[in-house]
Amino acid sequence: MRDLAPRLPSSPGFWRSPLRGPWFTSVLGLVLLVGITVLFVTGLLSYAAYNPDLSPVNDKTPDKGILGFYLFDWPTDPPWLYRLTQGVHVTLGLVLIPVLLAKLWSVVPRLFTLPPARSLAHALERISLLLLVGGALFEFVTGVLNIQLDYLFPGSFYPLHFYGAWVFFAAFVAHAVLKAPAALRNVRRMRAGDVREPDDGLRSPRPDAPTVSRRGALWTVGGASLLLFATSAGRSFDGAARATALLAPHGGAEPGSGPNGFQVNKTAAYAGIHAAETREEAWRLVVVGRTGTVRLSRADLLRLPLHSAALPIACVEGWSTSDQWWRGVRLRDLAALAGYDGDPPDVLVESLQRRGAFRHGALRANQVADPRSLLALYVNGETLSPDHGYPARIIVPAAPGVLNTKWVARMTFGGLG
């Protein structure tokens with residue numbers, strides 16, 4: 001047993017890397033302190049952008065209770081707001097992966113410390129660490145799988161990621177309150193030239209010979225983060241920049257050419273849209289409001305006043321397009337047809353789409369009222385293609401892509417509040 005002891009993870013002699021120590025862990029921890037806080041805030045903004053408190057069709061977390069305390073009417077200005085917040089959320093999440101893995105590696109000896117709990121306070125700290133580590137791995141793994149469109153996890157991404165984020169961030173805040181002061185002291189000590197480090201259980205009593213300095217290790221972690229940034233951030237742009245997004249499903253070359261050649265999330269075939277139901281003779285837009293029901297063909301819509309707006313598309317997976325030129329009927333003009341001549345109300349939009357979490361979506365009154373909010377019939381001077389929502393689609397400034405409903409079949413104004 002005496003010979004076996006050094007081979008056990010609980011033995012101080014088991015972990016031999018000379019890189020581990022308070023300074024290395026503290027630097028990584030401070031980076032994560034800032035980065036994860038930004039991730040949490042942008043994640044909350046992404047959740048608010050869906051207007052989950054407006055209608056059950058938008059709310060994929062009906063049991064959220066007080067976790068929705070901060071919800072507000074999502075604005076339409078600036079029109080690139082969701083493109084920015086979600087682009088930062090997803091790109092930063094990827095960039096932080098090497099930092100998170102390095103931080104977990106730097107503190108792994110503590111996970112095997114014996115006895116596992118020396119007191120009640122120590123036991124509570126160990127439990128919070130389990131929530132912290134488990135929550136971090138869960139959030140990053142589900143986030144990456146969602147970006148890659150690989151839905152391997154059980155259940156819907158939205159509630160899993162939302163509730164998991166609150167559990168993880170609660171443990172993260174508790175950990176930060178306990179550890180941030182010591183981390184700052186360690187960094188200040190090293191900047192002042194004091195190379196002595198306290199024995200906090202991370203430093204090996206018999207370290208191996210170093211092959212790289214701690215600063216060199218940090219540069220390696222930073223280089224890995226930079227590589228992930230360089231191979232993923234381009235999916236938020238068009239042209240040559242998108243071609244650099246080698247690790248993203250919406251990176252690389254555009255899916256087509258011409259005015260309709262920009263990125264799509266779901267094709268008409270995937271959504272179960274058949275050409276027979278979108279033909280000019282077959283398709284009718286049903287508009288319901290206080291004056292009853294109006295049915296409009298595409299030709300009827302083309303006889304209404306048409307307006308143009310330059311707006312991007314941005315999706316929860318972090319990809320987006322630059323501004324596309326949309327042309328169609330203002331949503332507030334359709335509200336007027338339904339009997340709302342003054343301030344327009346909220347609207348429920350229903351699609352021909354056969355499957356998908358957001359085949360129906362609700363928009364707030366402020367989104368309907370914005371003059372740039374359109375039932376689009378054209379894009380970039382050309383009739384919408386089937387994949388971009390022909391015969392008509394919603395386009396709203398600053399709204400998540402899933403609320404820019406394609407293949408619109410029915411619009412019901414009022415009654416959502």
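The values are calculated or read from the model by the stated rules, or taken from the named source; none is laboratory data. Keep in mind that this is a model prediction, so the values were computed, not measured. In this analysis, Cβ positions are derived from the backbone assuming ideal geometry, glycine residues included, and neighbour counts consider all displayed protein chains.
Summary of computed values
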| item | result |
| --- | --- |
| Count of the range 306-343 residues which are outside any helix (DSSP H, G or I) and touching a strand residue (DSSP E or B) at 6+ places or on another chain (Cβ under 7 Å) | 21 |
| Options Ala336, Ala362; residue that is without any contact (Cβ under 8 Å) to a residue 60 or more places away in the chain and either crowded, with 24+ Cβ neighbours inside 10 Å or among the small types (Gly, Ala, Ser) (or both) | Ala336 |
| Search result, residues across the range 96-138 that are in contact with a Gly (Cβ under 8 Å, 6 or more places away or on another chain), assigned to a loop (DSSP other than H, G, I, E, B) and among the aliphatic types (A, V, I, L, M) | Leu96 |
| Count of the range 74-115 residues which are of a type in the set (Ser, Thr, Tyr) and either closer than 15 Å to Glu139 by Cβ or modelled with pLDDT under 95 (or both) | 2 |
| Residue within the range 373-396 that is in a strand (DSSP E or B), basic (Lys, Arg), in contact with a strand residue (DSSP E or B) (Cβ under 7 Å, 6 or more places away or on another chain) and surrounded by fewer than 22 Cβ atoms within 10 Å (Cβ to Cβ) present | no |
| The lone exception for Tyr82 - which of (1) part of a helix (DSSP H, G or I); (2) within 21 Å of Phe358 (Cβ to Cβ); (3) free of Cβ contacts under 8 Å to residues at least 60 places away in the same chain it fails | (3) |
| Verdict on Ala171 being within 19 Å of Leu33 (Cα to Cα), crowded, with 16+ Cβ neighbours inside 10 Å and not assigned by TED's automatic domain parsing to the domain that holds Cys315 | yes |
| Filtered residue count, the range 290-321, keeping only those that are surrounded by fewer than 17 Cβ atoms within 10 Å (Cβ to Cβ), over 21 Å from Ala365 (Cβ atoms) and of a type in the set (Ser, Thr, Tyr) | 2 |
| Members of the range 333-349 that are farther than 15 Å from Val294 by Cα and more than 29 Å from the chain's Cα centre (by Cα) | Asp341, Gly342, Asp343, Pro344 |
| Verdict on Gly234 being among the small types (Gly, Ala, Ser) and more than 20 Å from the chain's Cα centre (by Cα) | no |
| Cross-chain or 6+ apart pairs with Cβ under 7 Å, the range 263-281 first and without any contact (Cβ under 8 Å) to a residue 12 or more places away in the chain, then surrounded by fewer than 15 Cβ atoms within 10 Å (Cβ to Cβ) and assigned to a loop (DSSP other than H, G, I, E, B) | Ala276/Ala282 |
